[in-house]
Amino acid sequence: MSFSNLGLSDKVLAAVTASGYTTPTPIQEQAIPHVLARKDVLGIAQTGTGKTAAFVLPMLTLLEKGRARARMPRTLILEPTRELAAQVKEQFDKYGAGQKLNVALLIGGVSFGDQDMKLTRGVDVLIATPGRLLDHTERGGLLLTGVELLVIDEADRMLDMGFIPDIERICKLVPFTRQTLFLTATMPPEIRRITETFLHNPVKIEVAKPATAAATITQSQVAVSRNDWQKREVLRTLLREAEDLKNAIIFCNRKREVAQLAKSLQKHGFAVGALHGDMEQSARLAALDQFRKGELPLLVASDVAARGLDIPAVSHVFNFDIPHHSDDYVHRIGRTGRAGRTGTAISLVSPSDQKSIQAVEKLIGQSIAKHESAALDAMPAEDASEAAEAPRSNRRRSGNREANAEGSSRGRRDGRRERDARPEREARPERTPRPEREARAPANESRPPESEAPRERKPRRDRDRRPSEDRGSGPQPAVASYGTSQPPSIGRPQAPRPRREEDFEPGDHSHLPAFLLRPIRARA
């Protein structure tokens, strides 16, 4: 069957012919007639089978009649990532070149002013990410009451990224009589339940079994240790020994690992770019453009690049990290082997990735072959130098403690040997006392010699008794201040004890203040 039998308009057929396509893919062949018939469609197909063109081509045919009003788009397409939204816009620019349609792209990283100007002039096709779309609606700059066709692309990715609440809000803003299209490569049970709410009597099109990889992709796995430096060395070896490698996408789980791996590959002479969610939008688009043009043969990316990116000539895909979700594996390796081409997907599996790789094999329904290479058995010399430069935080703490303990004990043993091997030092001459020490010498003459027995200390209850009872009839200590006396030191200085009333003779009022001793005149 050709595109001319699907009911597309002459302008759309001319654009398809100019692009070099003559035969539609299975998803296009089954979905386009139902979309033109204004029916809701639930499409499930493998990634890389032309799902984007399956809704772009009939949408262009439906939009040839009519005109958009200001701030009221006629069709709305929701995409999970900025890159995928920009790619869909490129498809509209490609197939809709002969039509006067206004297409607007609402994504993050771009100023609101330029987007508001496009919405003011009127938009036929609105391609947006959920977050930026809701920002415009909340500001009052966008009305969705004129939407006739709603497309939710990569619905399972919307679920993973937490966009389902936003999708529910958007569906309440569009008319109830709209036409809705759900297109995805995987269909988990959660998405299946959501489709029952958003779709009305949909036509289910399942070209292939959900979550299956294309038969044109050769899959393999390489066992590596859990050390990151060895994992990077294995990856470099695979990149060097691949004979048919033209370009490759290397996927990592975390944004930080993307930057570290790209820096490591650049250090070893590879031309590589990076792509992750924390980068500026201009830098992300520039990295993708350089990779498409072949200026950068390698692209290290997070799962931002795993969904829907149409780069037909990707020869290899490397999974530096096994994805946490098995469905992401299908989307990752789907970047190669597109449109009937052959591709290669190689995964680096560490001991901690065994459960993840088993879940992947269970999902795709086949076992992944082990990659065998003689170059991977031996560890190159440069690997040891990189291992020495590995940060201390990557080492195991228990190993650090054992190494530190062993080094400390070894240092103590070496110190004892060195001390025992030294000759005995001569006796040092007696140091001359300083003048201040000589000045203090007479004051210390009253101390008893060290050979005498120490003076026995009395119990506290005896020390607290009156001096007359405790120390006999000897001379009383001098009064240090009014009402206090300084007892003799026994071992260490004692705090002064306040004088009590019984310490004074009868009639002695010296301890009283003067104002209490003034005579009082009695009243007559």
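Nothing in this text is a laboratory measurement; each read-out follows from the coordinates by a stated rule. Quantities reported herein were computed from a predicted structural model and do not represent experimental measurements. Every residue, glycine among them, receives a Cβ derived from its backbone with ideal geometry; neighbour counts consider all protein chains shown.
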Pull out the extension gain between ASN102 and ALA286, defined as 0.36 nm times the separation in residues minus the alpha carbon to alpha carbon distance; nm, one decimal.
63.8 nm
Quick one: grab the alpha carbon gyration tensor of region 217-388, order the square roots of its eigenvalues as a ≥ b ≥ c, and give me rounded if a/c is under 1.5, else prolate or oblate depending on whether a/b is larger than b/c.
rounded
Could you tell me the center-to-center distance, by alpha carbons, between region 315-339 and region 119-192 in angstrom?
26 Å
How do ARG521, ARG74 line up, fewest other C-beta atoms within 10 Å first?
ARG521, ARG74
At a Förster radius of 45 Å, what calculated FRET efficiency corresponds to the Cβ-Cβ distance of GLU243 and LEU13, to the nearest 0.05?
0.65
Cβ-defined net charge surrounding PRO130, 11 Å radius [Lys, Arg +1; Asp, Glu -1]
-2
